[in-house]
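One structure is given here, and the rest of the page talks about it.
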Amino acid sequence: MYIFRKAKSQLFIYLGFSFFFLSLGTSASQPASAPGSAMKLWYNKPAGKVWESALPLGNGKLGAMVYGNVQTERIQLNEHTLWSGSPNRNDNPLALDSLETIRRLIFEGKQKQAENLANKVIISKQSHGQIFGPAGELHLSFPGHDNYTNYYRELDLERAVAKTSYTVADVTYTREVIASFAERVIAVRLTASRPGSISFTASFTSPQPNVKIQTPHSRQLTFSGTTIDHEGVKGMVKYKGITHFSPEGGEISSSDTSITVKSSNAVTIYISVATNFNNFQDISGNENNRATSHLTSALRMDFSKILKGHISSYQKYFNRVKINLGATNVSEASLPTNERLKNFSSVVDPEFAALYYQFGRYLLISSSQPGGQPANLQGIWNGSLRPAWDSKYTININAQMNYWPAEKTNLSELHEPFLRMVKELAATGQKTAKDMYGARGWVAHHNTDIWRTTGAVDGAFWGAWTNGGGWTSQHLWEHYLYTGDVAFLKSAYPILKGAALFYIDYLIEHPKLGYLVANPDESPENAPAAHQGSSLDAGVTMTNQIIFDVFSSTIRAAELLKKDKAFIDTLVRTRDRLAPMHIGQHAQIQEWLDDIDDPRDNHRHVSHLYGLFPSNQISAYRTPDLFSAAKTTLLHRGDLSTGWSMGWKVNWWARLQDGNHAYKLIQNQLTPVGVNRGGGGTYDNLFDAHPPFQIDGNFGCVSGMTEMLMQSADGSVHLLPAVPDVWRASGSISGIKAVGGFEIVQMEWKNAQLTKLVVKSLLGGNLRLRVPNALKTSGTSMVRATGENTNPFYKVETTPKPVISSKAKVELIETSESLLYDVATRAGKTYTFQAQDL
Ligand code: FUC
């Protein structure tokens with residue numbers, strides 16, 4: 001009765017939701033299962049041939065997609081360093097000689113001519129980036145399993161275990177698969193309800209053209225080879241995979257390329273894959289020794305022991321955050337995951353939203369572990385030799401988005417692979433800055449790969465963008481803001497400084513406007529009609545915002561570390577000459593310095609709102625006119641788009657404090673792929689669809705959902721800033737993190753009012769709370785707050801006053817009411833608050 005089938009209009013949905021809560025009153029339906037225990041993706045059908053229906057497992061080094069097919073199980077494998085090519089660079093040093101000409105053409109309004117030239121001299125003549133490749137697939141064929149009943153498969157997010165079970169002729173077969181976090185292997189456990197029932201033949205296939213498959217002895221199936229050449233770069237990553245079979249009872253035998261087990265009681269399969277990759281400059285490791293040593297260590301343990309270690313290593317991360325957004329009625333909650341996905345945009349299913357949230361955290365834990373490669377466009381999961389965009393790193397939004405949930409959902413350590421990548425890009429990017437632009441510091445363009453290439457690729461339309469370094473460097477600063485780790489900041493400072501130094505040299509004076517601008521520049525992948533279809537321009541809004549952040553964070557880091565006084569002065573002076581944001585004729589944030597936005601442009605990139613999120617330059621409280629203009633821009637751009645674009649929009653609507661609109665985007669995103677016309681959606685396994693599969697949308701949405709419940713970028717810890725009607729009745733979240741080392745140990749709400757709050761202060765300092773209702777506390781001094789937050793982690797930079805078009809009619813939007821409190825905290829102490837009127 002609580003299910004609202006496909007709504008006729010959005011209005012109907014919202015009316016429907018209000019009705020839902022009115023009619024429920026206090027007798028809210030019980031959750032299908034206790035909150036927290038419904039953390040499973042489950043299905044009553046195998047994945048069949050559909051990769052995007054298979055279930056992902058990963059330990060940051062190895063990835064696996066488990067199909068759960070009955071007759072022939074498929075387990076598709078990845079290894080994080082198995083990439084095409086070898087150490088290489090892709091700069092185009094011709095850029096330097098033509099830089100002046102390109103700049104002049106752009107300033108003269110001849111963007112297309114500039115772009116044509118840039119295609120010749122800026123865009124790489126070498127590789128446009130290498131490919132993250134698949135290792136191959138393990139197949140297990142079970143004779144006689146054609147007719148089965150009781151089929152079930154699941155991914156248990158609380159234990160990171162994929163399980164399949166079914167019955168054939170009254171024997172129930174169960175398979176469990178893990179990508180062990182404690183051991184570097186994938187482990188498969190096959191059991192059956194009757195002894196001696198397990199018989200199968202195992203074989204291996206790989207799309208890698210040079211792969212060699214062997215059975216060195218009756219218990220092992222191995223594969224080895226060297227990765228492919230790509231775009232003139234020789235493939236030199238050597239890989240080795242060993243699949244080891246440990247049957248309990250029965251017989252085992254091998255042919256040249258397969259292993260057969262007969263009449264066994266149970267079987268454990270251990271899969272170890274390794275490469276010769278040491279780092280982006282060194283591939284002198286020994287893949288054979290590595291694969292063997294990981295295997296040998298795992299073989300000392302039986303499955304139950306491996307499973308135990310796996311679960312505890314995994315839960316160390318996963319269990320930090322619990323979320324309850326309210327109860328779903330039993331009939332909806334008891335449907336398989338693909339059915340709930342189908343219904344999500346037309347029913348009230350807060351438990352599914354919570355599941356999706358935790359699935360996002362699961363994906364980050366599984367695809368990004370300290371010491372490993374950062375999550376790429378597909379995390380660590382790719383079955384194709386030629387994946388979309390090479391499954392590499394696009395750093396004009398996508399790779400950054402992968403890491404938006406890292407700090408705030410209490411997975412700070414898992415930011416490490418990305419932060420290390422930034423440091424490595426800074427090393428490569430120095431030569432790029434010097435050779436291509438005659439600049440100091442370092443630069444990266446809009447793509448990179450495992451070799452940390454920093455040249456410009458694809459075409460000038462996309463690639464002549466010099467802010468991949470500037471933007472990614474802000475993750476180092478963000479990591480410091482959350483952790484207060486000064487030793488880390490010391491190690492990060494040269495990278496921040498290098499990013500800033502590049503801009504000091506790259507900026508030039510705009511001949512008409514006098515601002516210091518980047519040129520050539522572009523607003524990622526978008527072109528105004530006025531520029532003859534060319535994206536090339538000077539001083540675009542996003543770039544100005546990024547440079548403002550790079551300078552500001554470098555200044556603050558230098559001040560904190562008591563370094564580089566003269567350089568600070570240079571940065572302050574240069575920052576003052578950057579172009580401010582402009583509000584244009586349609587009352588929008590201008591994407592370009594000229595007022596040439598088309599309000600009908602619904603491009604997936606809305607780069608000029610970088611200032612609203614992830615940055616904090618556009619604020620409800622400090623810059624109300626920009627805040628309102630940002631809303632206008634977002635309304636112009638519309639909702640439906642690619643998966644990642646919708647994920648970004650959830651964050652923006654959260655920052656705009658419009659929970660219902662943020663939720664609408666979550667619904668759009670959580671729509672089966674193919675339903676949103678021309679837009680993204682979600683696959684049955686809850687992978688985000690650009691389409692095709694791209695993981696950034698999963699991570700972007702999780703970040704956005706967190707921002708709906710808590711924000712800490714604008715001078716305070718703002719609680720419940722954007723709760724949608726569907727979650728207002730009651731809910732709780734625990735374990736999320738705010739800037740300055742504050743952990744929300746517990747937060748509970750009713751009717752979107754905060755009822756209970758427990759905050760742990762890890763670093764001490766002033767805790768400024770912005771809350772929707774009055775709070776009380778005992779034993780803690782809490783005062784109503786005014787003025788600047790004295791906590792240095794909450795210092796916000798004042799951006800230059802916006803330039804507002806005389807044609808613009810900016811209607812200021814109202815922010816929701818809130819109260820500000822200051823609480824002086826001590827490091828290590830926990831503070832508890834309650835609603836005053838409770
Ligand atoms: C950027 C986006 C595309 C895609 C690609 C991987 O180029 O504009 O939509 O996400 O990255």
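The values are calculated or read from the model by the stated rules, or taken from the named source; none is laboratory data. As the structure is a prediction and not an experimental result, all values here were calculated from the model. Neighbour counts are summed over all protein chains in view; Cβ atoms, including those assigned to glycine, are modelled from backbone coordinates with ideal geometry.
Can you name every residue in region 673-694 that is more than 13 Å from the ligand (Cβ to nearest atom), surrounded by 23 or more Cβ atoms within 10 Å (Cβ to Cβ) and in contact (Cβ under 8 Å) with a residue 40 or more places away in the chain?
Within region 673-694, Thr682, Asn685, Leu686, Phe687 meet the criteria.
Does at least one position in region 323-335 carry a residue that is modelled with pLDDT of 95 or more, within 16 Å of the ligand (Cβ to nearest atom), touching a helix residue (DSSP H, G or I) at 6+ places or on another chain (Cβ under 6 Å) and not in a helix (DSSP H, G or I)?
no
Based on this model, can you work out whether Ser641 counts as out of contact with any Phe, Trp or Tyr (no Cβ under 7 Å at 6 or more places or on another chain), in a helix (DSSP H, G or I) and within 18 Å of Ala527 (Cα to Cα)?
Here the answer is no, as Ser641 does not meet what is asked.
For residues in region 427-464 being part of a helix (DSSP H, G or I) and among the basic types (Lys, Arg), which is nearest to the chain's Cα centre (by Cα)?
Let us first name the residues in region 427-464 that are part of a helix (DSSP H, G or I), namely 427-437, 460-463.
Going one step further and asking which of them are among the basic types (Lys, Arg), we end up with 431, 434.
On the way: Lys431: 29, Lys434: 31 Å.
In this case the residue turns out to be Lys431.
In the list Ile106, Ile75, Ile102, which residue meets the criterion of being at pLDDT 95 or above and in a strand (DSSP E or B)? Steps first, please.
Details: Ile106 fails: in a strand (DSSP E or B); Ile102 fails: in a strand (DSSP E or B).
The match here is Ile75.
Within region 402-411, count every residue that is outside any loop (DSSP other than H, G, I, E, B) and within 16 Å of the ligand (Cβ to nearest atom).
First pass over region 402-411, keeping only residues outside any loop (DSSP other than H, G, I, E, B): 402, 404-408.
Filter again for within 16 Å of the ligand (Cβ to nearest atom), leaving 402, 404.
The total comes to 2.
Please work out which residue is nearest to Arg89 (Cα to Cα), limiting yourself to region 128-140 and to residues that are outside any loop (DSSP other than H, G, I, E, B) and out of contact with any Gly (no Cβ under 8 Å at 6 or more places or on another chain). Step through it out loud before you land on a result.
If we filter region 128-140 for residues that are outside any loop (DSSP other than H, G, I, E, B), which is where we start, we get 132, 136-140.
Keeping just the survivors that are out of contact with any Gly (no Cβ under 8 Å at 6 or more places or on another chain) gives 132, 138-140.
Working: Phe132: 17, Leu138: 35, His139: 38, Leu140: 41 Å.
Within region 128-140, the match that is nearest to Arg89 (Cα to Cα) is Phe132.
So, in region 141-164, exactly how many residues are touching a Phe, Trp or Tyr at 6+ places or on another chain (Cβ under 6 Å), buried (at least 18 other Cβ atoms within 10 Å of the Cβ) and in a strand (DSSP E or B)?
So the count comes out to 2.
Checking Thr394 against (1) surrounded by fewer than 24 Cβ atoms within 10 Å (Cβ to Cβ); (2) within 16 Å of the ligand (Cβ to nearest atom): exactly one of these is not met. Which one?
(1)
Going through region 248-280 one residue at a time, which ones are β-branched (Val, Ile, Thr) and on the phi > 0 side of the Ramachandran plot?
The first filter runs over region 248-280 and keeps only residues β-branched (Val, Ile, Thr), leaving 252, 257, 259-261, 267-269, 271, 273, 275.
None; the set is empty.
So if I check each of Asn668, Asn685, Asn651, which one is assigned to a loop (DSSP other than H, G, I, E, B) and within 19 Å of the chain's Cα centre (by Cα)? Lay out the reasoning, then the answer.
On the way: Asn668 fails: assigned to a loop (DSSP other than H, G, I, E, B); Asn651 fails: assigned to a loop (DSSP other than H, G, I, E, B).
After ruling out the rest, the residue left standing is Asn685.
Output the number of the condition that Ala530 fails; it satisfies all remaining conditions of (1) among the small types (Gly, Ala, Ser); (2) in a helix (DSSP H, G or I); (3) farther than 30 Å from Ala738 by Cβ; (4) under 23 Å from the mean Cα position of the chain (by Cα).
Looking at each condition in turn, Ala530 falls short on (4).
Name the pairs whose Cβ atoms lie under 8 Å apart, with the first residue in region 627-646 and polar (S, T, N, Q) and away from the ligand (no atom under 16 Å from the Cβ), the second assigned to a helix (DSSP H, G or I) and at pLDDT 95 or above, and 6 or more positions between them or separate chains?
Thr633/His608; Thr633/Leu609
Could you go through region 656-663 and let me know if any residue there is more than 30 Å from Pro800 (Cα to Cα), at pLDDT 95 or above and away from the ligand (no atom under 16 Å from the Cβ).
Restricting attention to region 656-663, the residues satisfying the condition of being more than 30 Å from Pro800 (Cα to Cα) are 660, 663.
With at pLDDT 95 or above added as a condition, the list becomes 660, 663.
Imposing the further condition that a residue be away from the ligand (no atom under 16 Å from the Cβ) reduces the set to 660, 663.
Yes; the residues of region 656-663 include at least one that is more than 30 Å from Pro800 (Cα to Cα), at pLDDT 95 or above and away from the ligand (no atom under 16 Å from the Cβ).
Would you confirm, using the coordinates I've provided, whether Glu416 is touching a helix residue (DSSP H, G or I) at 6+ places or on another chain (Cβ under 6 Å), away from the ligand (no atom under 16 Å from the Cβ) and among the acidic types (Asp, Glu)? Please lay out each step first, then the result.
On the way: touching a helix residue (DSSP H, G or I) at 6+ places or on another chain (Cβ under 6 Å): no; away from the ligand (no atom under 16 Å from the Cβ): yes; among the acidic types (Asp, Glu): yes.
No: the conditions fail for Glu416.
Can you say whether Ala399 is in contact with a helix residue (DSSP H, G or I) (Cβ under 8 Å, 6 or more places away or on another chain) and within 16 Å of the ligand (Cβ to nearest atom), as far as the supplied structure shows?
yes
So, of the residues in region 418-476 that are among the aliphatic types (A, V, I, L, M) and in contact with a Gly (Cβ under 7 Å, 6 or more places away or on another chain), which turns out to be farthest from Ser391 (Cα to Cα)? It would help to see each step written out before you state the result.
Step one: list which residues in region 418-476 are among the aliphatic types (A, V, I, L, M), which gives 419, 421-422, 425-427, 433, 436, 439, 443-444, 450, 456-457, 460, 464, 476.
Now narrow it down to the ones that are in contact with a Gly (Cβ under 7 Å, 6 or more places away or on another chain): 425-426, 433, 443-444, 456-457.
Working: Leu425: 18, Ala426: 22, Ala433: 25, Val443: 22, Ala444: 18, Ala456: 17, Val457: 15 Å.
The selected residue is Ala433.
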